Amino acid sequence: MSDNIESHLSENRIFKPSKEFSKNARIKSMAQYKRMHKESIEKPGVFWAREAKELTWQKKWTKALDWKPPYAKWFVGGKLNVCENCVDRHLTNGRANKAAIIWEGEPGESRTLTYRQLHREVCQFANVLLAQGIKPKDRVLIYMPMVPEAVIAMLACARIGAVHSVVFGGFSAESIVDRLSDCKAKAVITADGGYRRGGVVPLKANVDEALKKYKSVETVIVHQRIGDKIPMKRGRDVYWHEEAARVSTKHVAKAFDSEHPLFILYTSGSTGKPKGILHTAGGYLTGTYSTCKYIFDMQDDDVYWCTADVGWVTGHSYIAYGPLSNGVTQVMYEGAPNHPDFGRFWDIVEKYGVTIFYTAPTAIRAFIKAGDQFPDSRDLSSLRLLGTVGEPINPEAWMWYHEKIGGGRCPIVDTWWQTETGAIMISPLPGCTPTKPGTATLPFFGVDAAILDETGEECAPNEGGKLVIRKPWPSMLRSIYGDKKRYRDTYWNDYKGMYTAGDGARTDRQGNFWIVGRLDDVLNVSGHRLGTAEVESALVEHKAVAESAVVGRPHEIKGQGVVAFVTVKGNIKTSEALAKELRNHVGKVIGAIAKPDEIYFTPSLPKTRSGKIMRRLLKELVATGEVSGNITTLEDYSVIADLQKNLKK
Ligand code: 7RM
């Protein structure tokens, strides 16, 4: 038996962009994509210099790329200010009075910041940071709700050359301690709270808790979102609005080196302590700017909405830096998708006339489960382009998104990328790429993606292997903060000079990339290597199923048996008969080897706080009945207890 991942699902539905869409898009034909992609791979310096030149540089670079594997420097010798590129430059290009951020709070209030207003707020807050003694390269931890001040705080750090590390507002005090002590932050920016699902998340209280353990923070700046009286520690804690009132709203952006650190973002490895992914100014900005322009095809009259939290890389690249450097108008929403009910997102789309909408498969599956009445009763006709990110999207969920949300007319960009890659790496270009439900399709410009087997040979079509990137790209991570060895070991050890993503994938005959999941999640049944994504997609295709997670369990004969956890749609009753039907359904769609040995029905699956299914926990649970590893990133602890009871039955 080969070591490669086999593939059994084949998808024949092909969707091409309409003539109308292509005509107005930046990239209009596959010929144009292929020509530009070829150039970008053969002459990356030429291609990326052209992209970078669209940004504002206070000093031009002397060399586009300096590559000493695994360390890259982009736009060597160049100097720029990332914040100036996202804000100041729109004051002189006709966008000063254009809405930059249209924000809606969970309780329902809304607020608009034009680029001019954003500029004033950012300059003022940069002056607050300077007054607190923050210097270039100092680390500042940001722990905020989804309010404009979160983005203002990030931009103000960038403006003065400080390095932000945003921690998702749903993380605990313990997670803050880990991150603070790893990056040795000097200041924390937080809020008295944020609204989520009708309640208040006690952000400042969590910070106080964390600072009992990590004592080197000198300043805590508190944005007043809620307005309740909260404990403030004298000499350490200050209110944002009080400090802002003391400083000027004018600030001239100084240039920093292209390789100046911009931010650290922690990503949980499957085991051990979180990795602080380090990104730097010039290359990161060029990558996020360029991907927004081509993949979201951002135009001046678009209203763009990315539903991610700023605590994830998606929020960094596709709420803060990419959209703002493109000068687009964007919607930002504070709360939960189901508050007060599952119609909230569609109300927002209708109210602000959203044209580009970017969300995660986990959200789409939750909407499917909630029922069609929510989107059906809203006017979604302003939408022209849809996107997904975070996980492979099951073809059934793709079709629902296409029909119910996109009205059958909007291209879908399924964007594959990682915290480490900084920007989208594999994705359709909406005006030209023919898509099939479930594939992220083709590499973006400058991305030399390939799928390799254990010996380093490139896999044939439909043969599964490891996804690698063979050349450096501008928005790549520069290191793991403070741990170069871990950086080399994690990403650069499998094949010489190449980046390993840790994902299993295959290409089809058209060269489309199909991501089958994290390599640790791949199953091995009787010597056949199966991607969990494929078995899950087959299950989700059944009309009763909303979501599923598939893992292997040690099996005497087969090596691994297939265990499926299944969540059914709203009003479906579970039964032994349904389990049998699902087993046969998988047999029919994929083949007998993929038939689950066991099916467990469950009301919810264990997920990370960004919505990714934690198969690692399920795998441990079915093998040992317990979960022992790191579960600090788990969204809802009660899910595990429920599953444990369920498994004992
Ligand atoms: C942006 C983000 C990265 C991991 C990645 C994949 C998975 C992300 C897709 C996807 C299939 C996609 N950063 N992933 N996007 N899998 N299709 N379009 O999610 O660092 O949090 O996660 O997410 O496994 O390696 S991340």
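Summary table below
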read-out: Any chance K485 is away from the ligand (no atom under 12 Å from the Cβ), basic (K, R) and in a loop (DSSP other than H, G, I, E, B); value: no
read-out: Of all residues making up segment 258-307, the number that are assigned to a strand (DSSP E or B) and surrounded by fewer than 19 Cβ atoms within 10 Å (Cβ to Cβ); value: 1
read-out: Residue count, segment 353-388 (criterion: in a helix (DSSP H, G or I) and either away from the ligand (no atom under 15 Å from the Cβ) or not small (G, A, S) (or both)); value: 13
read-out: Test: residue in segment 526-539 that is modelled with pLDDT under 95, out of contact with any helix residue (DSSP H, G or I) (no Cβ under 9 Å at 6 or more places or on another chain) and part of a helix (DSSP H, G or I); value: yes
read-out: Criterion: at pLDDT 95 or above and part of a loop (DSSP other than H, G, I, E, B) - qualifying residue of E403, E420, E391; value: E420
read-out: Qualifying residue in segment 451-474 (condition: within 12 Å of the ligand (Cβ to nearest atom), without any contact (Cβ under 8 Å) to a residue 40 or more places away in the chain, within 21 Å of the chain's Cα centre (by Cα) and outside any loop (DSSP other than H, G, I, E, B)); value: no
read-out: Residue in segment 71-83 that is under 30 Å from G353 (Cα atoms) and surrounded by fewer than 20 Cβ atoms within 10 Å (Cβ to Cβ) present; value: no
read-out: Qualifying positions in segment 243-273 - within 19 Å of W417 (Cβ to Cβ) and not small (G, A, S); value: L262, F263, I264, L265, Y266, T267
read-out: Selection within segment 430-446 - assigned to a loop (DSSP other than H, G, I, E, B), out of contact with any Asp or Glu (no Cβ under 8 Å at 6 or more places or on another chain) and within 15 Å of the ligand (Cβ to nearest atom); value: T433, L442, F444
read-out: Wholly enclosed helices (runs of 4 or more DSSP H) of segment 11-130 bearing at least 2 residues over 26 Å from the mean Cα position of the chain (by Cα); value: 19-24, 30-42, 44-52
read-out: Cβ pairs under 7 Å, 6+ apart, first in segment 102-126 and of a type in the set (S, T, Y), second assigned to a helix (DSSP H, G or I) and surrounded by fewer than 17 Cβ atoms within 10 Å (Cβ to Cβ); value: Y115/L91
read-out: Meets criteria (in contact with a Leu (Cβ under 7 Å, 6 or more places away or on another chain) and hydroxyl-bearing (S, T, Y)) for Y487; value: no
read-out: Residue list for segment 505-556, restricted to those being charged (D, E, K, R), within 16 Å of the ligand (Cβ to nearest atom) and more than 19 Å from E454 (Cα to Cα); value: D508, E534, E536, E547
read-out: Residue, farthest from I264 (Cα to Cα), within segment 480-508, restricted to residues that are of a type in the set (G, A, S) and buried (at least 22 other Cβ atoms within 10 Å of the Cβ); value: A505
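Residue-wise test of (1) part of a helix (DSSP H, G or I); (2) more than 25 Å from W400 (Cβ to Cβ); (3) away from the ligand (no atom under 16 Å from the Cβ).
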| position | (1), (2), (3) |
| --- | --- |
| H316 | yes, yes, no |
| Y321 | yes, yes, no |
| G327 | no, yes, yes |
| I348 | yes, no, yes |
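The values are calculated or read from the model by the stated rules, or taken from the named source; none is laboratory data. The structure displayed is predicted, hence computed values, not measured ones. Here Cβ is always computed from backbone atoms with ideal geometry, including for glycine, and neighbour counts include all displayed protein chains.
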